[in-house]
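The values are calculated or read from the model by the stated rules, or taken from the named source; none is laboratory data. These numbers were taken from a predicted model, which means no experiment stands behind them. Note: ideal-geometry Cβ built from the backbone for every residue, glycine included; neighbour counts use all protein chains shown.
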Amino acid sequence: METVTDGAGEGNRGELEAEIARTCGVLNAASGRLVGLIAEVLESEAWQGAGIHSPAQWVAWQCGVSPARARALVAMARRRSELAATSAAHEAGELCEDQVAVICRHAPAAVDAQAAELARVATVTQLRRVLGTYSFAADEAAKAASGEAGEPTPAEETRSVSFGSTESGSWRLSAELPADEGALVERALVAARDELFGAGEGEPARAASEVSWADAFVAMAERSLGAEAARRPHHERHLVLLHVGADAEGDATGHLHLGPTLSEGLRRFVGCDARIRPVIEAGGRPVSVGRAFRSVPERTRVVVEDRDRGCRVPGCDRTRGLHIHHLTHWEDGGSSDTPNLLALCRRHHRLHHLGHLGISGNADDPDGIVFSDHRGRRLASCGRPIPPRQSVEAAAADLGMPPEPATRLPAC
């Protein structure tokens, strides 16, 4: 069926496309300015502060963006000075953030101008296809071998694993390993799949189409979580024999069994989320060994982990290997109830007990926790954008863009 569009409809579409093009130009220019500011933050190291893991965490916190986008912004900021043409086109509003991210990921500085020119007439997908398949690393190595460049820098070994839930509700795993370690994992997968092919006595053999690599991967996981491994919960990071006593002033002291005396901060850190067997002393001599107990009961830990879904510190994206922290420490009479407990990653938990990160409030209230730096200054829960008070055209003028830019859509 042929679609008929009248002239009025065509005119309205043209106006909408022009307005979208102008708005995208403003967004691109604003994004370029943001990358420039992040570059200044990196150069001055202004991102460093209490509880900050990395520049990406700082950007995620201050800009209110996802960890993935924060990492991309930091990557663009790191290469901003060496990719001058691309950065200039970005700040002028000619290139979008995704285009610049592809160039930063694949293009060496030598082809900066050519990559920027290509990006002006290519979509993100087209740009990724061209730059992603061209072997710039091999090109640079060839130049070095012919004497056109200095000694090539040895490539760093890629070794990463990422996994987690997807927006569709499934679970995804991605891994990139050196060849020898990858071969080891592959061998384990093959062995698990071969076992699934095999059948017990009296059972028919299974067809190859009935056993997938996913089946083999799950079988590997089930094998690793055998009866013996299942009896060791992942959170039992510390099995502490803590000698508890008091000094002449009656203040609590403690030292590890056959180990050193702990500072107050470390003593609280070690005992905050641990399995403990206390040794009671009197006059410096042990008089009793108590029963082992957990400072945070298992059932309570499950509730807290499900409530917090990760470290509660602003901007932190850690969701695994979590510690459960007592807001009022258990040795001070603090209860192991959910309002007094919150999940922290190991680094932030340690920073708190060493006096670099203040934490207070009611953990059951989503906005009830107050974080502060070592000077007592409150840390905002996230960055606070300042909404624009002018029209798109006025914003474009403020960014130095022409009042009547071309109406073609940006290639993004």
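Observations on the model:
- Candidates ARG129, ARG193 - the one that is within 31 Å of the chain's Cα centre (by Cα), at pLDDT 80 or above and of a type in the set (Lys, Arg): ARG129
- Checked against the criterion of being outside the structural domain of GLY355 (by TED's automatic domain parsing), more than 20 Å from the chain's Cα centre (by Cα) and closer than 22 Å to PRO385 by Cα, the candidates GLU45, GLU40, GLU117, GLU94 yield just one match: GLU40.
- Checking VAL302 against (1) farther than 24 Å from ALA70 by Cβ; (2) crowded, with 16+ Cβ neighbours inside 10 Å; (3) aliphatic (A, V, I, L, M), the condition it does not meet: (2)
- The residues of the stretch 354-369 that are more than 18 Å from VAL304 (Cβ to Cβ) and either more than 23 Å from the chain's Cα centre (by Cα) or of a type in the set (A, V, I, L, M) (or both), listed by number, are LEU354, GLY355, LEU357.
- Flag not set for SER336, criterion: in contact with a Phe, Trp or Tyr (Cβ under 6 Å, 6 or more places away or on another chain), modelled with pLDDT under 85 and among the hydroxyl-bearing types (Ser, Thr, Tyr).
- Subset of the stretch 328-350 [crowded, with 17+ Cβ neighbours inside 10 Å and assigned to a loop (DSSP other than H, G, I, E, B)]: HIS329, SER336, CYS345
- Residue match in the stretch 172-181 (condition: outside the structural domain of VAL102 (by TED's automatic domain parsing), modelled with pLDDT under 85 and either in contact with a strand residue (DSSP E or B) (Cβ under 7 Å, 6 or more places away or on another chain) or over 30 Å from VAL111 (Cβ atoms) (or both)): yes
- Residues (farther than 16 Å from SER87 by Cβ, in contact (Cβ under 8 Å) with a residue 24 or more places away in the chain and touching an Asp or Glu at 6+ places or on another chain (Cβ under 9 Å)) located in the stretch 28-68: GLY49, ALA50, GLY51, HIS53, GLN57, ALA60, PRO67
- Hits in the stretch 351-360 - residues which are in contact with a helix residue (DSSP H, G or I) (Cβ under 6 Å, 6 or more places away or on another chain) and either part of a helix (DSSP H, G or I) or closer than 12 Å to GLY321 by Cβ (or both): HIS353
- Within the option set VAL35, VAL41, being modelled with pLDDT of 85 or more and in contact with a Leu (Cβ under 8 Å, 6 or more places away or on another chain) holds for one residue only, VAL35.
- Count - residues of the stretch 44-91 that are basic (Lys, Arg) and more than 21 Å from ALA110 (Cα to Cα): 2
- Exclusive hit being in a loop (DSSP other than H, G, I, E, B) and surrounded by fewer than 15 Cβ atoms within 10 Å (Cβ to Cβ), set ARG375, ARG318: ARG375
- The stretch 25-96 holds no helices (runs of 4 or more DSSP H) entirely within its bounds that carry 3 or more residues that are β-branched (Val, Ile, Thr) and surrounded by fewer than 22 Cβ atoms within 10 Å (Cβ to Cβ).
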